[in-house]
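Structure first, commentary second.
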Amino acid sequence: MKKGMIKVSVMYPNTENKKFDMDYYCNKHAQFVTGLLGDALKGASVESGLGGVIPGSPAPYVAMGNLYFDSMEAFQNSFGPNAEKIMGDLPNFTDIEPVVQIATVVL
């Protein structure tokens, strides 16, 4: 990704007694979101948490999804009209309340 792009990170905290279906997230939800966002989406990645900073400690997040856009306007114009559909798919793979951060790529 290049400097100045907008990165939208959706992070799912690793909480006991919560579900997260990585197979569904990668093979259905990610493709669903990619299709809805269309050409505005310039890149995407999915990460699965392995551990925390202390050896043997659990990962703070069970998963993270990252979406990249050329501008905030491109993100808003593509995500806004589809937000309800995208959020409506969450119960199909998790009962975790995601944490979302929007950032500018600086390096």
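Read the figures in this text as sums done on the coordinates, not as results from a lab. Just so it is clear, the model here is predicted, and its values are computed rather than measured. So basically every Cβ, Gly included, is an ideal-geometry build from the backbone, and we count neighbours across all protein chains shown.
Which members of the range 10-42 meet the condition of being surrounded by 18 or more Cβ atoms within 10 Å (Cβ to Cβ) and in contact (Cβ under 8 Å) with a residue 60 or more places away in the chain?
The answer is V10, M11, Y12, F20, Y25, H29.
With (1) free of Cβ contacts under 8 Å to residues at least 40 places away in the same chain; (2) touching a strand residue (DSSP E or B) at 6+ places or on another chain (Cβ under 6 Å) as the list, and E84 as the residue in question, which single condition is left unmet?
(2)
Restricting to the range 12-40, and then to whatever is under 25 Å from P58 (Cα atoms) and among the aliphatic types (A, V, I, L, M), can you tell me which residue is farthest from the chain's Cα centre (by Cα)? Break it down into steps so the answer makes sense when it comes.
So the first thing to find is which residues in the range 12-40 are under 25 Å from P58 (Cα atoms), and the list is 12-27, 29-30.
Now narrow it down to the ones that are among the aliphatic types (A, V, I, L, M): 22, 30.
Values: M22: 12, A30: 8 Å.
Looking at the filtered set, the residue picked out is M22.
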